[in-house]
1. Hey, how many Å between the Cα centroid of the stretch 123-189 and the Cα centroid of the stretch 58-99?
2. For the stretch 126-189, take every pair of Cα atoms, bin their distances at 10 Å starting from 0, and report each bin as a whole percent.
3. Which ordering of F127, F72 is given by a fewest-first count of other beta-carbon atoms within 10 Å?
4. State which entries of K53/K92; K92/K183; K79/K129 exceed 24 angstrom in Cα-Cα distance in the structure shown.
5. Compute the FRET efficiency between F162 and S132 as 1/(1 + (r/R0)^6), taking r as their Cβ-Cβ distance and R0 = 25 Å, and round to the nearest 0.05.
6. Is the stretch 7-104 best put as rounded, prolate or oblate by its Cα gyration tensor, with a ≥ b ≥ c the root eigenvalues, rounded for a/c under 1.5, and otherwise prolate when a/b is larger than b/c, oblate when not?
Amino acid sequence: MSKETNSGIPTDSEVILGILNNSENVLKRLYLAYFPMILQLVINNNGNTDDAKDIYQEAIIVLYNKVKTGDFELSSKLKTYIYSICRRLWLKRLTQMNRYGGDIKDFQEFLVVDDETEKNNERDIQFNKMGSALQQLGEPCKTIIEDFYINNKSMQEICEEFGYTNADNAKTQKYKCLQRLKKLFFQQK
């Protein structure tokens, strides 16, 4: 394991390990490393230094809690992740204060990743909903769906496993199961 340095921008893995090990030094370095970028974002978009400090603090708390609960998966650079959290928080704050004019001045390089983060979050929500619907589905439907879509079993194999008279009957059952799964999925909030 690498030694913790006392200055400069911490690496993404240093930050995550630092949070896990309750390192104040890493948190201080993280705060100093990316705050100027967030200050620029907030000041360019109807805010002041105090607003930027609040937003950045909230973002660090979000990051800290996600890492601590094991609910954190880094799909971009940490700098980009923090920027996208701050951007979203600041947009929310502007909307609450009725100061949001319908556009936000951005650093161009962060726009695409923010959209990707949004899509990833939405995809994760959908996966969780599908997993929940699958658990509610019950047998034999749950196993038929898993065998066909996850375990890549053929309709003939499923037919033999469940004792259907032919593959067409198994296919009909799979269709009925899919309809039930779809219904359960869309009933969730």
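1. About 36 Å separates the Cα centre of the stretch 123-189 from the one of the stretch 58-99.
2. Bins of 10 Å from zero give 24, 52, 21, 3 percent of pairs.
3. Working: F127 10, F72 15.
Least crowded to most crowded, the residues run F127, F72.
4. Working: K53/K92 15 Å; K92/K183 33 Å; K79/K129 30 Å.
Over 24 Å apart, Cα to Cα: K92/K183; K79/K129.
5. Numbers: r = 24 Å, r/R0 = 0.96.
Efficiency, rounded to the nearest 0.05: 0.55.
6. On the way: a/c = 2.31, a/b = 1.81, b/c = 1.28.
The shape class here is prolate.
Since every read-out is calculated from the coordinates, none of them should be taken as a lab result. From a predicted model like this one, the values you see are computed outputs, not experimental measurements. Methodologically, a virtual Cβ is constructed for each residue, glycine included, from the backbone with ideal geometry; neighbour enumeration extends over all protein chains shown.
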